[in-house]
Amino acid sequence: GESVGLHLPTLSVQEGDNSIINCAYSNSASDYFIWYKQESGKGPQFIIDIRSNMDKRQGQRVTVLLNKTVKHLSLQIAATQPGDSAVYFCAENGGSQGNLIFGKGTKLSVKP
Amino acid sequence: EAGVTQSPTHLIKTRGQQVTLRCSPISGHTSVYWYQQALGLGLQFLLWYDEGEERNRGNFPPRFSGRQFPNYSSELNVNALELEDSALYLCASSLVWDNEQFFGPGTRLTVL
């Protein structure tokens, strides 16, 4: 069935290190992908998105990589800071259904 | 610019009761989405409204319903509440469908 999954449910990194959060998707029709950050007690916050006609997109301290061959998405956070501690979700559009299909999330903990 | 707003922030109901949750999208956004996030789980798609019409529906029973008003605000109604309906209900809006969705803070529903 359609699903978006994450390889690592938890990730602990040292402040200043780079973080990589991975995500696998199963719907070949998906052509739009988003990464969200969710802090405790808050709604998900948009981080960065990418469409299937690209394989890399950069934002401020974040980079998203898309490998359509193996249906893999990753979020790279440079110089991770304590404020980056949160749960990160990847989401796909399932081939333009309108709604997004979310993975279960990866909890990122940043050690000072 | 104001973000997506939701009301109420918290709600406690008993089993069998009915509840109405409200969402105001970002000004200019015509699409509104509802998601359910049970404790410790990812986001499950409930409903998508665009231009006042229901465009897509997730795998939830008919007691979950909603509507979108001419000003693009939306309501989510849940009838005959069950204990497992306890969750964070998130509303998101987008300028056009298949574009980034911006989330509100959510309504925390507890069913006793």
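Nothing in this text is a laboratory measurement; each read-out follows from the coordinates by a stated rule. None of these values were measured; they are calculated from a predicted model. Note that we place each Cβ from the backbone using ideal geometry, even for glycine, and neighbour counts take in every protein chain shown.
Given a cut-off of 19 Å, name the pairs among A:71/A:104; A:56/A:104; A:42/A:71; A:42/A:104 whose C-alpha atoms lie farther apart than that in the structure shown. All intermediate terms of the calculation are to be shown ahead of the outcome.
Values: A:71/A:104 17 Å; A:56/A:104 23 Å; A:42/A:71 29 Å; A:42/A:104 16 Å.
The pairs that break the limit, which is 19 Å between Cα atoms, are A:56/A:104; A:42/A:71.
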Hey, if you drop one equal point scatterer on each alpha-carbon of the protein assembly as shown and run the Debye formula without solvent, what base-10 log of I(q)/I(0) do you get at q = 0.07, 0.12, 0.13, 0.17 Å⁻¹? -0.22, -0.64, -0.75, -1.21
Which cross-chain or sequence-distant (5 or more) residues have an amide H under 5 Å from the amide H of residue B:31, H modelled 1.01 Å from N in plane? B:94
Under unit Cβ charges (Lys, Arg +1; Asp, Glu -1), what dipole magnitude, rounded to 20 debye, does the protein assembly as shown have relative to its Cα centre? 380 debye
Send over the per residue convex hull volume for segment A:29-106, Cα only, as a whole number of Å³. 94 Å³
Expressed in angstrom and ordered largest first, the alpha-carbon extents of chain B along the principal axes are 37, 26, 24
Relative contact order (percent, whole number), segment A:37-112, Cα cutoff 8 Å, 6+ residue spacing: 24 percent
Treating the beta-carbon of each Lys and Arg as +1 and of each Asp and Glu as -1, no other charges, what is the dipole magnitude of chain B about its Cα centre, to the nearest 20 debye? 440 debye
Among B:49, B:31, A:65, whose Cα lies farthest out toward the positive end of the dipole of the protein assembly as shown, if unit charges sit on the beta carbon of Lys, Arg (+1) and Asp, Glu (-1)? A:65
Taking the Cα centre of chain A as origin and charging only Cβ (+1 Lys, Arg; -1 Asp, Glu), how large is the dipole, in debye to the nearest 20? 40 debye
Taking Cα pairs under 8 Å and at least six residues apart, what relative contact order does chain B come out at, in percent? 37 percent
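How large is Rg over Rh for segment B:3-42, taking Rg from the Cα atoms and Rh as the Kirkwood inverse mean of 1/r across Cα pairs?
Values: Rg = 12.8 Å, Rh = 12.5 Å.
Computed over Cα atoms, the ratio is 1.02.
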Placing one identical point scatterer on every Cα of segment A:3-68 and ignoring solvent, what is log10 I(q)/I(0) from the Debye formula at q = 0.19 Å⁻¹? -0.91
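I need the calculated FRET efficiency for the pair residue A:12 and residue B:39, taking r as the beta carbon distance and R₀ as 25 Å, to the nearest 0.05. Before the final figure, lay out the partial values.
Numbers: r = 22 Å, r/R0 = 0.88.
Taking R0 as 25 Å, the efficiency between residue A:12 and residue B:39 is 0.70.
As an exercise, identify the chymotrypsin sites (Phe, Trp or Tyr not before Pro) in segment B:1-109 lying in DSSP coil whose Cβ has no more than 16 other Cβ atoms within 10 Å. It would help to have the intermediate numbers written out before the result.
Working: sites: B:33, B:34, B:35, B:45, B:48, B:49, B:64, B:72, B:89, B:97, B:102, B:103; in loops: B:72, B:97.
Listed in order of number, the matching sites amount to none.
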Can you list the aspartates and glutamates whose alpha carbon is less than 20 Å from that of residue A:107, not counting same-chain residues fewer than 8 positions off? A:15, A:17, A:39, A:49, A:84, A:92
